[in-house]
Every structure is written in C-alpha cells, then in structure tokens.
Amino acid sequence: MTTAAPTRTTTTRASTRVLRRPEVGAAVAALAVLVFFTVVAEQFLTPSGVGTWLNSASRFGIMAVAVAMLMIGGEFDLSAGAMTGATGLLVGVATTGYGLNVWVAVVLALVVALAIGALNGLLVVRTGLPSFIVTLGTFFVLQGIDLALVKLVYGQVAVQGFSDVPFVDSVKPVFGGTIALGGASISVSVLWFLAVTVLATVVLLRTRAGNWVFAVGGALASARATGVPVARTKIGLFMTTAGAGWLVGMISLFQSSTVQSSTGVGDEFIYIICAVVGGCLLTGGYGSAVGAALGALIYGMTRQGVVYAGWDSNWLYAFLGVMLLAAVLVNNAVRVRAERLR
Amino acid sequence: MSAPLIEVTDLGKTYGSVVALRGVTTSVRAGEVTCVLGDNGAGKSTFIKILSGAHQHSEGTYLVDGVEQHMSSPRDALALGIATVYQDLAVVPLMPVWRNFFLGSEPRKGPFRMLDVDLMKRTTRDEMAAMGIALRDVDQPIGTLSGGERQCVAIARAVHFGARVLILDEPTAALGVKQSGVVLRYVAQARERGLGVVFITHNPHHAYPVGDRFLVLRRGESIADRPKAEMTRDELVTLMSGGAELDALEHELGRGRPV
C-alpha cells in the first residue's frame, strides 16, 4: 500500500494551538487584574508596589507550581502549607534554641522535608488511600508538632532573636535578599519563583519524568500497562512539593527573621486555587506550571491591590472564591472539548 | 508458504480441576491473519492469555520460530516479538498522540537527556502514515481520535516497538459498523507489512474477509482449525453460532411471529 497521505494532513492553525494551552485563561485573567488595579490604585504600578506584590506572589507561586505538578500527577498535598511553617520553625528553633550552625540547620530542614514528602508518597502509593486523606493526616500532625512540640522545647510559639544567630547574614542573601532593579527592590524570592517555574515547565514538557507525571495523573492503569514506574513518579512528586515547602519556609524565615507556629496553615488551599486557576484539572492529567505561576500572580496582585485600593482586605477571600469557581467551570469545558470524540 | 512464527499443538489449560482449554492446534504465519472465533466463555481469553505470556499452558506445546517456549510473563512474549493490543488500549486520553505513542519508552538526546520531541513526532506521523492513517495533528489529545483510530495508534505502537506477531483482543467489539471497517483495514494493512496477526472476535462477518486461517472454539475445545481455502463464510457462521442450536432457536422464535 502507499503511504500517500490524504488531504486531511493540514496542520492545526496557530490560533487553535494557542487556545488549547491550559494557561490561556489564567493569562487573560492576570492581565485583567493588572489593568484593573493599575486603574483603581495609583500605587499599584509604582516600582515599590510591583516589588511588593511580586514578592507576595513568589512565595505562593513556588508552592503553586509544585502543587500543580502534583495535581497533574493526580494527587493533592494538604500538608504543603504547614510544611512551610514546619521547616522554618525547625531552623529557627534549632539555631536560636540549641545553637546549631545555621547552614547545617537549613540542610537538615531540607532532609526532614524530603523525608516527610517521601512518607506522604509511600503512604499514598502503598495503601491506595486518597492523598486528600493521607496528607490531611500529615497536615494535622505537622500543625500539632508546630504548636505543641515547639512550645514544649522552646517555651513560646514564635522564633525570637533569629537575626543574632551566627552566620545568619551569610545565608540571608540566598533566601531573604533583595536586588535593586530600576528603582524597585526585588526580592530574591522572585528569582526563585522564576527559576522554579522554568524548571518545572522544562521537566513537564521536555523530559521522560514529565511525560510520566501526565500519564499517572491522566490514566493510571494505562501508565502502568505501558511500563511507567507509577510509584516512583508519585513519590517523587510528593517529595517535590515538600522540597518547595522547604524553599518557601526558608524564604519566609530569612525575609522576616521570625516564624510562628501558625505560619503556612491554611495556605495549602491557596496553592490549589492558584493551580486550578492556572488550568489544572482536579481530576489530574492536565495543567501547566506556567498557568499555576500566573494563578499565583493573580493572587499576589489582588492581595496587595485590595490594600492599595484602600478596601477591606477580607474582600480578597470573596474574590478568590469567585476566581476558583470561574476557573473550574472553564477547565471543565476545556476537558470536555479535549476528551470529546470526533 | 513460510515457516510458522507461532505453532501450537494440543494446547490446554486447567485451573485446578476446571478445564478452560483443551486440544487447540493452530499456527500463525508471517503475512497471515489467524482468526480466533468463539462465543463468550468459549476459551478465547484463555487462549490469548497463553499466547501473550500472561498465563502458562498446562498441556501441549507452544513453539515460537520452531523453538518450544514456556513464557512466564508478557515481557517474555514481547522479547520474542509477540505483542498484545488489549481492548482498553493503554492510552492516556488527555495526552497528545505522539506522547502516547512513546509512553514508557521515550527516546532522549543531549547532555540533559531531554525528550527527542522531533523524532517522536516524526516517527508517530510516519508510523501512522504507514498504516494508511493521515493524522491531522500529532499534537491533538488521543481522546479526540475515533475509537478505530485509537486502536490503530496502539497497533502502530506495537509494530514500531518490534512486534512480529500482533494479538488483537476483540478490536471491533465496541465499535460501530463504519469504525469496524477502519480497524479491519488496518488489520489487513499489518498483514501486508508481513506481520503475523492473531485476530480475536466473536463476529464471523468481521473475521472472514481478513482471515487466512480460522480457529473456532466452543466450550474450551477446538471445533475447527482450517485455512480459508477449506472454509466458506456460511460454514464459519454455522460453526460459530453452533449450527443445530441456532436452527432450533430460529424455529422457536419464528413460530409465534405473523408471517
């Protein structure tokens, strides 16, 4: 037989190709939010204003990107928020309370975070329980330790005197530094945010591991049947969110020189909202790191924009809820289109 | 006629004291389609599980290229070039066609071991074209393809990764008339490319046009194993539906109906 292809071999139009990307909705929304607050709050687009909301967005964005990868892989991590507090507390308490070298403490916190992430992953893979339940358990355990253990060994629930710890100034530029850029002072966390987003995008779209992430989240049985190492992929994803939790924990600690037992509690839902606004399906198998980053940008802009506009900051929550519902509706429509038989 | 790729003689399988399959003899040759027909529970599944290496036979011999084999996993069968395309196809609906094509065996290049995307897309397009399917866009999610086309991606994937014998597990069972035609065309296509095909079906009208050899199973036993030259379509239909039983059924159902 011949291999002559019939005329159906036209390439899909560029516009269709763009609209098929999961992050398109978030990009449009981000632009709208930017324009809106630029108009209603004059401080919003000033160098210092931009620096402030970028910093706010970056701390949520690093987590949102990691959580988006996990969601594409078909799982949730409700312990992600508490993890940012736990790692910060570990470093704060170990250095100010026990005189541990700050570099050693930072590395130790990373090891502990990765171990907790691996444990989350192992529990989910081995038991087959929904990660929603497993990580809800981890979340409460971490929250309990953050409060009770810290109070027991440290006597209070907030780290004091962290800026007096020896060598703390040698670590600060890495996590809590700022860079002067055209009149604005940009936090180092923004660079981390950018790096994490680029790295996650490359991994998702251009590596074998990324292909496996989409596969385990999209159709677990098919992934297993084609030889994808399902357990390894999922455990790796849980370790990634835990690692991101450590990074954000360090950024918060070194930016503010303190950390409280309640730090990060409740943020886990913000990360999920950012990922969903960025196009991630709650059912897994679809989404993007850039989308999650844009979701975090929307969150950061709104959070600061509401303040600059002089409104009650609690309006933020109502706005978040509306965004979430709108995003889920859009995503569902996208999925129905993508899965529709021709 | 070439030497058979697969030859089974008096093949049988018992699960404890239950006889699932007994006395099956047939062969699969390069460039030929061996059809396995039977009603539900006739032993088709047991037969393909043995061929694909998922189960071991307990009686008879199973020769591949003239050498006796006792496979202990589908991996062993794959290593011998025997690939099975199951009904669920093992595809991820939301992923693009080219990612599905290479899932689990992605080619990589460069110092950072990145996916060789160009090679993956090109190979997918070429392999599908070789089966006579012109894909509009290899970037479209595989879920947007028709059932027949998805079936063909799975077949093309098996061929690309070195299959010499394709076992197709009821590829037309869930499809409409038109889609079944599409799949049958690709079964013929695979045969033209020199593959041995084992085509499992319960529809004699699908089997007869593409088949070169027909194995009919009933209640775990082989009731026929003949080349096409020794089998007419009517004979196949009668064998398949259990001749006398069908006559009785027709008589029974026809009686009360107004003529």
Fill in the blank from the handout: Filtered hits (lysines, Cα-Cα < 20 Å from residue B:44, offset >= 8 within chain) -> B:13, B:228
Completion exercise
Diffusion coefficient in µm²/s returned for chain A by Stokes-Einstein, Kirkwood Rh over C-alpha pairs, 4 °C and 1.567 mPa s, is 62 µm²/s
Exercise for the section: Grab the other residues whose beta carbon is less than 15 angstrom from that of residue A:264, score K and R as +1, D and E as -1, and report the net. Expected result: -3
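Let me spell out the model: positive unit charges on the Cβ of Lys and Arg, negative unit charges on the Cβ of Asp and Glu, origin at the Cα centre of chain B. What dipole size does that give, in debye rounded to 20?
720 debye
Rounded to the nearest 20 Debye, what is the dipole magnitude of the protein assembly as shown about its Cα centre when Lys and Arg each give +1 and Asp and Glu each give -1 at the C-beta?
My answer is approximately 920 debye.
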Handout entry: Taking B:86, A:98 and counting other C-beta atoms within 10 Å, the order from fewest to most
Key = A:98, B:86
Fill in the blank from the handout: In a Gaussian network model of chain B with springs linking alpha carbons closer than 10 Å, the residue among B:173, B:190, B:83 that fluctuates most is B:173
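Take every Cα pair under 8 Å in chain A that's 6+ residues apart, average their separations, divide by the length, and report that relative contact order as a whole percent.
Contact order relative to length: 35 percent.
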Fill in the blank from the handout: P(r) over all Cα-Cα pairs of the stretch B:12-130, 5 Å bins from 0 to the longest distance, whole percent per bin, short to long, reads 2, 9, 14, 18, 15, 13, 11, 9, 6, 3, 1, 0
Fill in the blank from the handout: Expected integer from the mean partner chain Cβ neighbour count at 10 Å over B:120-129 is 1
Fill in the blank from the handout: What helix-only [θ] at 222 nm does the protein assembly as shown give? Using -39500 (n - 2.57) per DSSP H run of at least 4, over all residues, to the nearest 500, the answer is -17500 deg cm²/dmol
Practice task
Compute the projected area of the convex hull of the Cα atoms of the protein assembly as shown, averaged over all viewing directions, and report it in nm² to one decimal place.
Solution key: 37.2 nm²
Problem - Cβ-based charge dipole, the protein assembly as shown, positive-most Cα from B:179, A:123, A:138 - result: B:179
Completion exercise
Given Cβ charges of +1 for Lys and Arg and -1 for Asp and Glu, the option among A:280, A:239, A:102 whose Cα lies farthest towards the positive end of the dipole of the stretch A:22-334 is A:239
Practice task
Taking the dipole about the Cα centre of the stretch A:22-334, with the C-beta of Lys and Arg at +1 and of Asp and Glu at -1, give me whichever of A:219, A:73, A:205 is farthest to the positive side.
Solution key: A:219
Problem - Förster radius 35 Å - calculated FRET efficiency between residue A:126 and residue B:122, Cβ distance, rounded to 0.05 - result: 0.30
Problem - Protection proxy ranking, peptides B:138-145, B:110-117, average beta carbon neighbours within 10 Å, highest first - result: B:138-145, B:110-117
Exercise for the section: Just tell me how shielded A:205-215 is by partners: mean number of partner chain Cβ atoms within 10 Å of each residue's Cβ, no decimals. Expected result: 6
Fill in the blank from the handout: Rounded to two decimals, the Debye log10 I(q)/I(0) of the stretch A:84-226 (Cα scatterers, no solvent) at q = 0.11 Å⁻¹ is -0.63
Problem - FRET efficiency, 1/(1 + (r/R0)^6) with R0 45 Å, evaluated for residue B:109 and residue A:178 via beta carbons - result: 0.70
Exercise for the section: Determine the dipole magnitude for the stretch A:22-334: charges of +1 sit on the beta-carbon of Lys and Arg, -1 on that of Asp and Glu, nothing else is charged, the reference point is the Cα centre, and the result goes in debye to the nearest 20. Expected result: 720 debye
Handout entry: Local electrostatic count, residue B:26, Cβ distance below 12 Å [Lys/Arg +1, Asp/Glu -1]
Key = -2
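Read the figures in this text as sums done on the coordinates, not as results from a lab. As the structure is a prediction and not an experimental result, all values here were calculated from the model. Neighbour counts run over all protein chains shown; Cβ positions are idealised from the backbone, glycine included.
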